[in-house]
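Just so you know, all these numbers are worked out from the coordinates, no wet-lab data involved. Remember, predicted model here, so these are calculated numbers, not experimental data. When we count neighbours, we look across all protein chains shown, and the Cβ atoms used for this are built from the backbone with ideal geometry, even at glycine.
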Amino acid sequence: MRVSAWVLAAAVVLGGAGSGYVYFKLDGNLSSIDIDAELGADRPDDVDNGSQDILVLGSDSRSGANDAYGADEGAARSDTAMVVHVDKGHTSASVVSIPRDTIIERPACTGDVSGEPVAADDRAMFNTAYEVGGPACAVKTVEAMSGIRMDHYIEVDFTGFKKLIDELGGVDITTEQAINDSKSHLHLKPGTHRLDGEESLGLVRTRKSVGDGSDLGRIQLQQAFVKALMEQAKSVGVFSSPKKLLGLADAATKAVTTDSRLGSVKELTSFANGLKGLGSKNVHMVTMPVRYDPADPNRVIPMEKAARQVWAALKQDRVIPASATVKSAGDKGTAGQVVQ
């Protein structure tokens with residue numbers, strides 16, 4: 001979803017950024033957060049084998065230009081979370097979606113606004129980590145769950161996502177069945193569609209009308225959309241049009257918030273150059289293995305043994321075994337068959 005901005009910002013847009021005034025302008029668009037300084041040394045080891053692990057979050061903030069999607073309640077949560085593991089050869093990637101409604105053990109954090117300590121919680125919803133402690137707490141929580149140090153952090157909100165899609169010229173998707181969702185305001189007949197930014201945002205927010213109506217079905221839609229976005233970005237030939245490239249680069253740098261090590265066009269360009277060879281066929285997407293929570297059917301809990309297999313595969317730079325997710329509630333249902 002908004003997470004798919006990493007594809008645009010890294011693999012397509014910034015690899016061709018220019019210099020001089022344009023470079024300065026794009027650099028000034030970027031917002032960054034010093035995750036390393038906030039978390040200190042108490043983190044998993046930094047494995048330097050050429051692979052990279054990136055936490056990509058979609059914020060559901062309703063502040064500013066996002067107020068069209070609901071009242072601003074003064075706090076935001078991570079509406080979407082994906083751990084992207086790029087292998088050491090940068091020829092393939094594994095993406096693990098973490099359901100926002102997963103009940104997890106949230107570590108102690110520092111309040112994002114107050115700066116005051118936030119106590120650990122042994123039964124918290126995953127997306128509250130961002131709410132109580134911002135990006136640093138979200139990273140800390142993912143690292144505690146996975147045992148993997150995140151090399152980078154990328155965040156996008158509703159408005160940034162829409163603008164990226166519109167600058168790209170829309171994304172082509174094919175629906176195998178009708179989607180009529182009053183919550184996301186998306187109404188599509190079966191067939192092939194060119195979705196603009198607003199419609200794309202509607203698709204990746206849709207859940208009530210697909211699958212079992214849960215966040216797990218929405219994740220399947222998001223994963224299908226990210227792959228369609230990757231293919232669209234490769235096909236539009238942005239590098240043959242300086243004007244198109246600049247528009248995309250301007251939108252992308254305004255849309256994303258990154259960790260401080262990616263907080264310049266120079267660093268993002270270097271990052272992008274390492275990802276150019278990735279296509280949708282080189283990206284393996286799964287949902288962290290979960291089962292419905294016996295205490296609350298509206299929540300899910302990690303399947304500990306299977307989840308450890310997933311995280312171990314990333315840590316060892318291996319392909320995630322199919323056996324790790326076969327019994328997961330996240331791999332069941334038909335939402336993933338709605339969009340092709």
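Dimensions of the stretch 135-291 from C-alpha coordinates, computed as largest minus smallest value along each principal axis and given longest first, are 44, 43, 28 Å. Mean separation of Cα pairs under 8 Å and 6 or more residues apart, divided by the residue count, gives the stretch 185-313 a relative contact order of 14 percent.
Could you tally the net charge around residue 227, taking each other residue with its Cβ under 12 Å from the Cβ of residue 227, Lys/Arg +1 and Asp/Glu -1? Residues near residue 227 contribute 0 overall. Net charge near residue 312, counting Lys/Arg +1 and Asp/Glu -1 over other residues with Cβ under 11 Å of its Cβ? So the environment of residue 312 carries a net charge of +3. For the stretch 92-182, taking Cα atoms only, Rg and Dmax work out to 17.0, 49 Å respectively. Working from label points 7 Å from Cα in the Cα-to-Cβ sense, the residue 298 to residue 196 distance is 3.4 nm. Taking label positions 7 Å along the Cα-Cβ direction at both residue 29 and residue 182, the computed distance is 3.8 nm, reported to one decimal. Taking the inverse of the mean 1/r over every pair of distinct Cα atoms in the stretch 112-160 gives a Kirkwood hydrodynamic radius of 11.9 Å. The packing ranking of peptides 183-195, 81-93, highest mean first, is 81-93, 183-195, where packing means the average number of other beta carbon atoms within 10 angstrom of each residue.
From largest to smallest, the equivalent ellipsoid semi-axes obtained for the stretch 212-312 from the alpha-carbon gyration tensor read 34, 17, 15 Å.
Spatial offset of the stretch 172-216 relative to the stretch 262-289 amounts to 26 Å, using the alpha carbon center of each.
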